[in-house]
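The values are calculated or read from the model by the stated rules, or taken from the named source; none is laboratory data. It should be emphasised that the depicted structure is a prediction, and the values quoted were computed from it without experimental measurement. No Cβ is skipped: glycine too gets one built from the backbone with ideal geometry, and neighbour counts run over all protein chains shown.
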Amino acid sequence: MSLITNAVFALMIGFLLSICFGIILIPFLKKLKAGQHVSVYLRESHKKKEGTPTMGGLIFILPAIISFLVLYGLDKVTITYNTLIVLVTFLGYALIGLIDDLLIIFRGNNDGLTESQKLISQTLIATIFFYLFIKAGNEPLLWIHAFNYKQNIGWFYGIFILFLLVASSNAVNLTDGLDGLAGGLSFIAISVFGIITYYTTWLDGYNDIALFLFLLAGSILGFLSFNVSPAKVFMGDTGSLCLGAILGTIAILTRHELLLAIIGIVFVIETLSCILQRYYYKLTKKRLFLMAPLHHRFEKKGWLEQDIVRLFWIIGFIGAMLGLLYGVWL
């Protein structure tokens with residue numbers, strides 16, 4: 001099938017299934033009392049979000065996985081080592097987020113997994129990633145397309161994979177603070193990486209991986225029907241960790257690691273704002289921003305939540321289009 005046919009078909013299937021899952025899952029989460037606990041440091045407008053169901057990431061995770069497995073059962077797609085890397089990483093990070101969300105719900109506070117527990121879990125997944133990556137015949141190359149630079153870095157590539165997965169998953173997690181913000185940006189970035197993957201014809205299983213990304217993008221679009229302001233459900237760590245991980249995974253497989261910083265420019269800015277805030281405060285005992293991540297700084301300045309989300313979506317779209325221009329046409 002052509003790119004357009006692939007994309008439209010997958011987006012439609014993912015969207016419709018996620019709508020169905022959302023209609024079923026949200027009432028179930030309410031009965032489970034899987035409500036979000038809002039930080040006391042946020043604006044008064046956030047207080048009304050207290051108790052909004054979390055773990056909504058399942059609304060796009062399950063449709064994407066189930067529809068892909070159904071297509072596999074119908075012999076419409078194949079599962080290569082590279083495809084397995086995508087699925088294992090996606091589900092692995094979703095599981096970490098799910099455990100974290102469940103602990104928060106059962107404990108009745110915001111204390112989920114500790115940082116060390118998360119890092120150990122992420123290291124385990126990165127190790128599996130590296131094993132499958134080498135088994136697939138991929139070389140552990142540091143490949144900078146802009147300078148046509150290639151360097152085999154051996155086992156150190158495993159550390160690089162861990163760093164990128166942790167950084168990208170945490171970046172989406174930090175950005176997930178306003179209704180529809182992380183979901184909308186993820187839809188844009190994953191759609192673009194779907195196109196880039198489709199044109200990465202040297203990658204074994206590129207067509208099937210691209211199809212999965214389009215299925216996921218369609219599922220995220222369905223999720224946004226319930227997540228835009230006012231949100232009826234939040235994705236939680238269940239959703240944000242796996243979305244960041246899938247972006248890092250595809251960037252590695254297509255050898256566009258640096259391009260991820262352009263396509264996910266808002267995620268990078270949000271993360272940098274937190275890092276700068278922390279170290280600036282340690283050095284000066286003063287805050288560089290009124291609040292971090294950066295979207296909360298705009299809130300403190302009196303911006304409406306919907307206006308901040310629209311602005312960040314536009315910035316994310318521009319970054320994604322620049323990334324697409326370089327990743328496909330240049």
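Against the condition closer than 22 Å to Ser18 by Cα and either in contact with a Pro (Cβ under 6 Å, 6 or more places away or on another chain) or among the hydroxyl-bearing types (Ser, Thr, Tyr) (or both), how does Thr123 come out, does it pass? Even if it seems obvious, please write down each step before you answer.
Details: closer than 22 Å to Ser18 by Cα: no; either in contact with a Pro (Cβ under 6 Å, 6 or more places away or on another chain) or among the hydroxyl-bearing types (Ser, Thr, Tyr) (or both): yes.
When the stated conditions are applied, Thr123 does not pass them.
What are the pairs, 6+ residues apart or on separate chains, where a residue within region 194-215 that is at positive phi has its Cβ under 9 Å from a residue that is in a loop (DSSP other than H, G, I, E, B)?
Gly205/Val77; Gly205/Thr78; Gly205/Ile79; Gly205/Thr80; Gly205/Ala136
Among the residues in region 231-242, are any among the β-branched types (Val, Ile, Thr) and surrounded by 24 or more Cβ atoms within 10 Å (Cβ to Cβ)? Explain how you work it out, then say what you get.
We begin by selecting, within region 231-242, every residue among the β-branched types (Val, Ile, Thr); these are 233, 238.
Applying the additional criterion that residues be surrounded by 24 or more Cβ atoms within 10 Å (Cβ to Cβ) yields 233, 238.
The answer is yes; a qualifying residue exists.
I'd like the residue in region 98-141 that is surrounded by 17 or more Cβ atoms within 10 Å (Cβ to Cβ), charged (D, E, K, R) and touching a residue at least 24 places away in the same chain (Cβ under 8 Å) and, out of all such residues, is farthest from Ala167 (Cα to Cα).
This residue is Asp101.
I'd like the residue in region 252-284 that is surrounded by fewer than 24 Cβ atoms within 10 Å (Cβ to Cβ) and small (Gly, Ala, Ser) and, out of all such residues, is nearest to the chain's Cα centre (by Cα).
Ala261
Has region 247-258 got at least one residue that is part of a loop (DSSP other than H, G, I, E, B), modelled with pLDDT under 90, touching a strand residue (DSSP E or B) at 6+ places or on another chain (Cβ under 7 Å) and among the hydrophobic types (A, V, I, L, M, F, W, C)?
Checked region 247-258: at least one residue is part of a loop (DSSP other than H, G, I, E, B), modelled with pLDDT under 90, touching a strand residue (DSSP E or B) at 6+ places or on another chain (Cβ under 7 Å) and among the hydrophobic types (A, V, I, L, M, F, W, C).
With the requirement that a residue be in a loop (DSSP other than H, G, I, E, B) and either touching a strand residue (DSSP E or B) at 6+ places or on another chain (Cβ under 7 Å) or not small (Gly, Ala, Ser) (or both), what does region 274-322 give you? Even if it seems obvious, please write down each step before you answer.
Within region 274-322, the subset in a loop (DSSP other than H, G, I, E, B) is 285-293, 301-304.
Lys285, Lys286, Arg287, Leu288, Phe289, Leu290, Met291, Pro293, Lys301, Trp303, Leu304 - these are the residues of region 274-322 that are in a loop (DSSP other than H, G, I, E, B) and either touching a strand residue (DSSP E or B) at 6+ places or on another chain (Cβ under 7 Å) or not small (Gly, Ala, Ser) (or both).
I need the full set of residues from region 255-302 which are small (Gly, Ala, Ser) and more than 30 Å from Ile161 (Cβ to Cβ), in order please.
Our first condition is that a residue be small (Gly, Ala, Ser); within region 255-302, this holds for 261, 264, 273, 292, 302.
Across region 255-302, the qualifying residue is only Gly302.
Inside region 138-180, can you point out the residues that are under 22 Å from Tyr206 (Cβ atoms) and of a type in the set (A, V, I, L, M, F, W, C)?
Leu141, Leu142, Trp143, Ile144, Ala146, Phe160, Ile161, Leu164, Leu165
Name the residues in region 46-88 that are acidic (Asp, Glu) and touching a residue at least 12 places away in the same chain (Cβ under 8 Å), would you? Show your work before the answer.
We begin by selecting, within region 46-88, every residue acidic (Asp, Glu); these are 50, 75.
Of everything in region 46-88, just one residue is acidic (Asp, Glu) and touching a residue at least 12 places away in the same chain (Cβ under 8 Å), namely Glu50.
Can you confirm whether region 142-154 contains a residue that is in a helix (DSSP H, G or I), surrounded by fewer than 21 Cβ atoms within 10 Å (Cβ to Cβ) and in contact (Cβ under 8 Å) with a residue 12 or more places away in the chain?
Going residue by residue through region 142-154, those that are in a helix (DSSP H, G or I) are 145-147.
If we keep only those that are surrounded by fewer than 21 Cβ atoms within 10 Å (Cβ to Cβ) as well, we get 145-147.
Those left that are additionally in contact (Cβ under 8 Å) with a residue 12 or more places away in the chain: 145-146.
The answer is yes, given that some residue of region 142-154 is in a helix (DSSP H, G or I), surrounded by fewer than 21 Cβ atoms within 10 Å (Cβ to Cβ) and in contact (Cβ under 8 Å) with a residue 12 or more places away in the chain.
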